[in-house]
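Colleague: What follows is a structure written as structure tokens; I'll ask about it next.
The values are calculated or read from the model by the stated rules, or taken from the named source; none is laboratory data. Here the structure is a predicted model, which is why all the values come from computation and not from measurement. Glycine gets a Cβ as well: all are built from the backbone with ideal geometry, and neighbour counts include every protein chain shown. For the accessible areas, the whole protein counts, side chains as well, though only heavy atoms, and no ligand, DNA or RNA atoms are used. Shrake-Rupley method; radii C 1.70, N 1.55, O 1.52, S 1.80 Å.
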Amino acid sequence: MQIKNLTCVECPMGCQIEAGVENGVAVYVKGNTCPRGKLYAENEVVRPLRVLTTSVKCVGGKMLPVKTDKPIPRDMMLSLMETINGVHPTLPVHTGDIVINDLYEGVNLIATKTELN
Amino acid sequence: MKHDIVIIGGGPAGLAAAVAAFDGGVKDVVILERGEELGGILNQCIHNGFGLTRFKESLSGPEYAERFIDKVRERGIKYYLETTVISLDKNKTVKAVNPELGFFTIEAKSIILAMGCRERSRGALNVAGTRPAGIYSAGTAQKYVNVKGYMPGKEVVILGSGDIGLIMARRMTLEGAKVHAVCEIMPYSSGLKRNIVQCLDDFGIPLYLNHTITKIEGTDRVTGVTISEVDAQKRPITGTERHFSCDTVLFSVGLIPENELTKSCGITLSPKTRGAVVSQTRETMERGIFACGNVLQVHDLVDFVSEEAEIAGRYSAQYVLNGEGVYDFLDTQAGDNISYVLPQKINKGVDGNVKLFFRVKNTFKNCTIRIKSGNEVILERKKKIAVPGEMETLILTADKVQNLSSPVTVELEV
């Protein structure tokens, strides 16, 4: 069994987590203080997941902050940035509106700000 | 014009203070905001992680701001944008200017200072070298990329590993820049551990601890920097120089509460926090003038800014409704290994618990934090780890506060 030491990124506490890995999956997780930490560690040893946040240029030039509505694989972030930067939404946009439907395997890109004009 | 409560600053502190003051029974509240929209610096903080304490979910900066902006709008709280406050006096007269009204004066019954902070600049550090284009504070670069939509450069070196520097290392990388190095003069990062992982480690960006930039090169545009390791006295060590070619240098070297107005009004400031001296109600030493958020002390999390602003808003409303309360002050002091304690005064005339905020001076493991009044220990807590980058808090319960007779000291023992 391989032991991996991780820092949880789910919240500012940054718990130091130890995960025991066998055949590519976590067989135990310790050091986490909440269930999200356990899930984080389990994903982290298989394929790290992150919520991607960025901003896109709207028609007219205004920038709109956006994020993925679920975490995506970390290794996909840079290639998905190219797709995202090719999109130029038209205002008005409200917080939570979908900017790109199904950006990656059912994960949408959504607006995180209301911009009316 | 006249208003009951004037709030200077429409960022997270001003917004939360306004809502709390309104809900505390004062309906005539007005926010004066320098920028073009409410929300302050949150508007450019498009990354997530805000609101975990308060809303139990991870929000981006604009989302967090919008929750409070909505509350301000629902209550019909008045606000002026693009409004710069020019002066403030102890009679609570505010002089301001904006494009709509020109120069105007507001007579207030109570004032809440919520101006936030600004970034330390290259000038504050005396970094040697030329003065070419391509040198930005991390927050300026953040505004360019996230709000204005253009990239300040392609090849980047960042000085300072505070959270804004770390966040910008990731942000620039996502937008196609190459971040060569993040240098930190201290032996530890002042940023959150999670940001070291998700902003640097995720992208293979090296962090050089005990390093600083010793030279910036370039005539018209930055062409490179030299970094050097520093000794225990923070002096560069000869022979440790390392050169990076780059076109951009970002400075993320700390925040300074923006207290020019506070100073010009003659309000007592603390040399340690560089913010006003306040009691637990966040009232400054001038009756009826309150301060909250990063103008008072630089916070790690916006959730705590909102919490502090609500205290200020609530007591500002009480001041307007009931007038001056009872003032019976005891000092708080930073003892061994503690850099500051806020509030600096405990007013025994105010009921309720008192939450003490403080920072430790260094990284300590397996330590004990103690609150003493005179020689008597009134609270003790063991900590596995305490770091300067994370604000600590301890609560003095109301009964303990009432029994205090000597100044309160917070100390850390290893």
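Colleague: Taking the options A:Thr83, A:Thr114, A:Thr53, A:Thr95, name whichever one is hydroxyl-bearing (Ser, Thr, Tyr) and within 30 Å of A:Glu18 (Cβ to Cβ).
Modeller: So the residue among A:Thr83, A:Thr114, A:Thr53, A:Thr95 that is hydroxyl-bearing (Ser, Thr, Tyr) and within 30 Å of A:Glu18 (Cβ to Cβ) is A:Thr53.
Colleague: Consider B:Ser306 carefully, then state whether it is open to solvent by less than 20 Å² (accessible area, probe 1.4 Å) and either part of a helix (DSSP H, G or I) or closer than 30 Å to B:Ser161 by Cβ (or both).
Modeller: yes
Colleague: Taking B:Asn91 as the residue in question, decide whether it is farther than 30 Å from B:Asn48 by Cβ and modelled with pLDDT under 95.
Modeller: No, not satisfied.
Colleague: Something else now. When you go through A:Leu64, A:Leu116, A:Leu91 one by one, which is the residue that is of a type in the set (A, V, I, L, M, F, W, C), more than 23 Å from B:Asp201 (Cβ to Cβ) and out of contact with any strand residue (DSSP E or B) (no Cβ under 8 Å at 6 or more places or on another chain)?
Modeller: One residue alone meets the criteria, A:Leu116.
Per-residue answers, yes or no, for (1) open to solvent by less than 10 Å² (accessible area, probe 1.4 Å); (2) in contact with a Pro (Cβ under 6 Å, 6 or more places away or on another chain):
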{"residue": "B:Val157", "(1), (2)": "yes, no"}
{"residue": "B:Ile185", "(1), (2)": "no, no"}
{"residue": "B:Ser189", "(1), (2)": "no, no"}
{"residue": "B:Val197", "(1), (2)": "no, no"}
{"residue": "B:Leu200", "(1), (2)": "yes, no"}
{"residue": "B:Asn210", "(1), (2)": "no, yes"}
{"residue": "B:Val222", "(1), (2)": "yes, yes"}
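Colleague: If you go through segment B:35-62, how many residues are surrounded by 20 or more Cβ atoms within 10 Å (Cβ to Cβ) and part of a loop (DSSP other than H, G, I, E, B)?
Modeller: 9
Colleague: For segment A:58-79, state whether one or more residues are over 23 Å from A:Val9 (Cα atoms), within 11 Å of chain B (Cβ to nearest Cβ), surrounded by 13 or more Cβ atoms within 10 Å (Cβ to Cβ) and under 16 Å from the mean Cα position of the chain (by Cα).
Modeller: no
Colleague: Would you be able to tell me the number of residues in segment B:161-189 that are in contact with a strand residue (DSSP E or B) (Cβ under 6 Å, 6 or more places away or on another chain) and over 27 Å from A:Met76 (Cβ atoms)?
Modeller: Of the residues in that region, 4 qualify.
Colleague: Condition first: over 20 Å from B:Thr268 (Cα atoms), modelled with pLDDT of 95 or more and either under 17 Å from the mean Cα position of the chain (by Cα) or open to solvent by less than 40 Å² (accessible area, probe 1.4 Å) (or both). Now tell me which residues in segment B:336-349 satisfy that.
Modeller: The one that is over 20 Å from B:Thr268 (Cα atoms), modelled with pLDDT of 95 or more and either under 17 Å from the mean Cα position of the chain (by Cα) or open to solvent by less than 40 Å² (accessible area, probe 1.4 Å) (or both): B:Ile338.
Colleague: Show the residue pairs that are 6+ apart or on different chains and have beta-carbon atoms under 8 Å apart, the first residue being within segment B:336-347 and over 24 Å from B:Phe290 (Cβ atoms), the second being open to solvent by less than 10 Å² (accessible area, probe 1.4 Å) and outside any loop (DSSP other than H, G, I, E, B).
Modeller: Here the result reads B:Asp336/B:Leu412; B:Asn337/B:Val360; B:Asn337/B:Cys367; B:Asn337/B:Leu412; B:Ile338/B:Phe358; B:Ile338/B:Val360; B:Ile338/B:Val410; B:Ile338/B:Leu412, each pair linking segment B:336-347 to a residue that is open to solvent by less than 10 Å² (accessible area, probe 1.4 Å) and outside any loop (DSSP other than H, G, I, E, B).
Colleague: Which number in (1) in contact with a strand residue (DSSP E or B) (Cβ under 7 Å, 6 or more places away or on another chain); (2) surrounded by 15 or more Cβ atoms within 10 Å (Cβ to Cβ); (3) farther than 30 Å from A:Gly86 by Cα; (4) within 14 Å of chain B (Cβ to nearest Cβ) marks the one condition that A:Pro12 misses?
Modeller: Condition not satisfied by A:Pro12: (1).
Colleague: Another question about this same structure. Within segment B:383-394, identify whether any single residue is surrounded by fewer than 15 Cβ atoms within 10 Å (Cβ to Cβ) and on the phi > 0 side of the Ramachandran plot, and answer yes or no.
Modeller: No, segment B:383-394 contains no residue that is surrounded by fewer than 15 Cβ atoms within 10 Å (Cβ to Cβ) and on the phi > 0 side of the Ramachandran plot.
Colleague: Taking the stated definitions as given, is B:Asp336 in contact with a helix residue (DSSP H, G or I) (Cβ under 9 Å, 6 or more places away or on another chain), outside any strand (DSSP E or B) and among the charged types (D, E, K, R)?
Modeller: Answer is no for this residue.
Colleague: Just name the residue that is farthest from B:Leu192 (Cα to Cα) out of those in segment B:38-52 that are over 17 Å from the mean Cα position of the chain (by Cα) and at the interface with chain A (Cβ under 10 Å from one of its Cβ atoms).
Modeller: Result: B:Ile46.
Colleague: So which residues in segment B:190-236 are out of contact with any helix residue (DSSP H, G or I) (no Cβ under 6 Å at 6 or more places or on another chain), within 23 Å of A:Cys8 (Cα to Cα) and either among the polar types (S, T, N, Q) or not assigned by TED's automatic domain parsing to the domain that holds B:Ile167 (or both), if there are any at all?
Modeller: B:Ser190, B:Gln198
Colleague: So which residues in segment B:189-246 are assigned to a strand (DSSP E or B) and within 13 Å of chain A (Cβ to nearest Cβ), if there are any at all?
Modeller: none
Colleague: Any residue in segment A:85-97 that is part of a helix (DSSP H, G or I), within 12 Å of another protein chain (Cβ to nearest Cβ) and open to solvent by less than 60 Å² (accessible area, probe 1.4 Å)?
Modeller: No, that holds for no residue.
Colleague: Considering (1) surrounded by fewer than 24 Cβ atoms within 10 Å (Cβ to Cβ); (2) in contact with a strand residue (DSSP E or B) (Cβ under 7 Å, 6 or more places away or on another chain), say which one B:Cys292 fails and leave the rest.
Modeller: Among (1) surrounded by fewer than 24 Cβ atoms within 10 Å (Cβ to Cβ); (2) in contact with a strand residue (DSSP E or B) (Cβ under 7 Å, 6 or more places away or on another chain), the lone unmet condition for B:Cys292 is (1).
Colleague: When you look at A:Glu18, is it under 24 Å from B:Leu192 (Cβ atoms), part of a strand (DSSP E or B) and more than 13 Å from every other protein chain (Cβ to nearest Cβ), yes or no?
Modeller: Taking the combined requirement at face value, the residue satisfies it.
Colleague: Please note which strands (runs of 3 or more DSSP E) are completely contained in segment B:63-111 and include at least 3 residues that are free of Cβ contacts under 8 Å to residues at least 60 places away in the same chain and surrounded by fewer than 16 Cβ atoms within 10 Å (Cβ to Cβ).
Modeller: Strands (runs of 3 or more DSSP E) meeting the threshold: B:93-98.
Colleague: Out of segment B:77-118, which residues are of a type outside the set (Lys, Arg) and under 14 Å from B:Leu38 (Cα atoms)?
Modeller: Selection gives B:Ile77, B:Tyr79, B:Tyr80, B:Leu81, B:Glu82, B:Thr83, B:Thr84, B:Ala114, B:Met115, B:Gly116.
Colleague: Next question, about the same structure. Would you mention how many residues in segment A:22-38 are buried (at least 17 other Cβ atoms within 10 Å of the Cβ) and hydrophobic (A, V, I, L, M, F, W, C)?
Modeller: The total comes to 2.
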